[in-house]
Amino acid sequence: MQPGTLVLFTDRPEQRQDLVQALGAVAPCHLRDAAVVVPAGDCIGFVADLNLLHPTLLRGLRALIAEVPRLPRLFLMRDMGERSLATARSLGADLCLPPDAEAGAVAQAMRIRLTNPTTPTIRPPRGTGGTGIAQAADKAGAVLAGLLDAARLTGTVDPMLVDHGLDPILGAVGEAGLGAWLDTVRAYDDATYQHCLLVAGLAATFAIGLGFSLRDREHLVRAALVHDVGKARIPLEILNKAGPLDPAEKAVMRTHAALGHAILIEAGGFDDSILAVVRHHHEMLDGTGYPDRLSGDAIPDIVRMITVCDIYAALAERRPYRAPMPLPEAFRVLRSMESKLDMALVRSFEQAVAQA
Ligand SMILES: [Fe+2]
Ligand SMILES: [Fe+2]
């Protein structure tokens, strides 16, 4: 294999000429039949397009990874089930793309990986592997990665994919407790992943504390997982800026609410309450929020709940330029926002967190 080559490992070589062609616009692309064990070679990255539940198909891939462990690697998934995602993880997937990702989107994702090695990955935080809670965070992180990448590359998402993240989060928070969840997901380097997983864990805690039925718990966590999906369309230099945003950057960042709403409308399959959460989670009861300056009764309860979790998460998360705010202090901030937040919900939230 010539140096500087991309490899497409696929178990359906006769059907993937579109992908070879699209990847060929990024770098010379060699197609390898995954059913044939190939020797490792000199390549700059690979796309795996195969059924990850068939271990014999993975031998060539494992040989290549063993030789060059830090190769950029994209996985075009056949399904986003837990077993497939766990296998992709074990093979060090940088990115898991949904089965219907277009060839051009896959090539674009590879181009980004090759030119911007700091692009977020779904690799788990260092030093947390092996525990149940780390595995749960990893699964939820993989779902989030698939969601944000699909939104970034295709402008839409798969509603079914989101549901794969609900069980791991509710299970981990219910069994190991909120503190363990916060410690685990705070270790994620990527701010958006860390934030969304924190909000989801807080939403799970809130729903459990309020005695919600399983269905309602899942619904609140679903809303939390997708609430910032619009950030997928915000330029990375703003999204990942290591410091406070200036006013112009803040204005761009604020578009994420309406962008996320448009993404979910395009996707279809999300009910009105989820759409409301995504569009309105930055509205304030006194009408000072965005994007629509809603106030009072115009803001549904589920939106108010996610807003409380969202603000609390933003205070409690680890940022490169500041340590997490101690939890009692974060509660003091929430209580000081009297005209903006639903204080009855803030009190219930505080109780739920205290009991978790
Ligand atoms: Fe947001
Ligand atoms: Fe948020």
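Only the Cβ atoms of Lys and Arg (+1) and of Asp and Glu (-1) were treated as charged; on that basis the dipole of the chain about its Cα centre amounts to roughly 860 debye. Placing a label point 7 Å from the Cα of residue 293 along the Cα-to-Cβ direction, the residues of segment 318-356 with a backbone N closer than 17 Å are 340. In segment 211-356, the C-alpha radius of gyration followed by the widest Cα-Cα span (Dmax) gives 15.4, 43 angstrom. Estimated at 0.36 nm per residue, the fully extended path between residue 344 and residue 12 surpasses their Cα-Cα distance by 113.9 nm.
Each Lys or Arg adds one and each Asp or Glu takes one away; over the other residues whose Cβ falls under 15 Å from the Cβ of residue 315, this sums to +3. Counting 0.36 nm for each residue step from residue 325 to residue 251 and taking away their Cα separation leaves a gain of 24.1 nm. Solvent-accessible surface of the chain, averaged per residue with a 1.4 angstrom probe and all protein chains in place: 42 square angstrom. Got a number for carbon plus sulfur as a percent of the chain's accessible area, 1.4 Å probe? Accessible surface attributable to carbon and sulfur in the chain totals 53 percent. Take the Cβ atoms of residue 336 and residue 53, set R0 to 56 Å, and the FRET efficiency comes out at 0.60. In this structure, residue 111 and residue 240 have a Cβ-Cβ separation that, at R0 = 30 Å, corresponds to a calculated FRET efficiency of about 0.95. At full extension, residue 5 and residue 301 could sit 101.3 nm farther apart than now, given 0.36 nm per residue minus the alpha carbon distance.
At an R0 of 56 angstrom, the distance between the Cβ atoms of residue 286 and residue 36 translates into a FRET efficiency of 0.30.
Ordering of 281-292, 94-105, 233-244, 147-158 by packing is 147-158, 94-105, 281-292, 233-244, highest average first (other Cβ atoms within 10 Å, averaged per residue). The mean of 1/r over all distinct Cα pairs in the chain, once inverted, gives the Kirkwood hydrodynamic radius of 21.1 Å.
The values are calculated or read from the model by the stated rules, or taken from the named source; none is laboratory data. Worth saying up front: this structure is predicted, and the values here are computed from it rather than measured. Counting neighbours? That spans all protein chains shown, and the Cβs are built from the backbone with ideal geometry, glycine included. Surface accessibility is based on the protein's heavy atoms, side chains included, excluding ligands, DNA and RNA. Shrake-Rupley method; radii C 1.70, N 1.55, O 1.52, S 1.80 Å.
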